[in-house]
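A short worksheet on the structure shown next.
The values are calculated or read from the model by the stated rules, or taken from the named source; none is laboratory data. Source: prediction; values computed, not measured. Positions of Cβ are generated from backbone atoms using ideal geometry, with glycine treated the same way; all protein chains shown enter the neighbour counts.
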Amino acid sequence: MISHEAGSVAAGTGTVVIGVGSPLMGDDGLGIVALERLREEWRLPPDVELVDGGTWGMNLLPVIEEAGQLLIVDAIDAGAEPGELVVLERDDLPLFLSMKLSPHQLDLGEVLALAAFRGRLPAQTVAIGLQPAVVELSAELSELVAARLDALLEQVLARLRAWGHQPQVGPHQVAESAELIA
């Protein structure tokens, strides 16, 4: 289930930070772990929305298309050294649509490609992550990736500041009403 805070960001004006990945597959859960750290440790302005995207694929399309700026936090396999910081700007993101055996095989690349095809992928879109070391059945990040989590969060916060937001130390305030997208 994707948690989407109702009314927290007006369509096309705010910043959406989506943490994606599977928390049951080791370093693939990085985006979810990073999102939780942002919620627990940082107070973000009302025009910044934190979305737990998990592995929800196409259900993220309306969230992505309504964003003014989009920041995706994920484990990113760029063929780099494990734990290395990876930043992919909009034009560098792997956008593709391909033949699938099942609609359940959609991944974030296809969702971004569809948003771009529809002309609704935000101009300011970036994916920030770490090169995973271990992607296998585990509820924990590898030691190498966990040790680089602070560096990842600093890069995320730096991008939010560059987009004009002023994160403050303290827990994120969640809107009282919540809309669930499933």
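What to note about this one:
- Count of segment 35-49 residues which are closer than 15 Å to Gln166 by Cα and surrounded by 19 or more Cβ atoms within 10 Å (Cβ to Cβ): 5
- Scanning segment 142-182 for residues that are outside any helix (DSSP H, G or I), at pLDDT 85 or above and in contact with a strand residue (DSSP E or B) (Cβ under 8 Å, 6 or more places away or on another chain) returns Arg148, Trp163, His165, Pro167, Gln168, Val169, Gly170.
- Extreme residue, surrounded by the fewest Cβ atoms within 10 Å (Cβ to Cβ), among residues of segment 111-122 that are without any contact (Cβ under 8 Å) to a residue 40 or more places away in the chain and hydrophobic (A, V, I, L, M, F, W, C): Phe117
- Filtered residues of segment 41-89 (kept if closer than 16 Å to Ala127 by Cα and part of a helix (DSSP H, G or I)): Gly57, Leu60, Leu61, Val63, Ile64, Glu65
- Every pair of residues 6+ apart whose Cβ atoms lie under 8 Å, when the first sits in segment 153-164 and is touching a residue at least 60 places away in the same chain (Cβ under 8 Å) while the second is part of a loop (DSSP other than H, G, I, E, B): Leu157/Pro167; Leu160/Leu44; Leu160/Pro167
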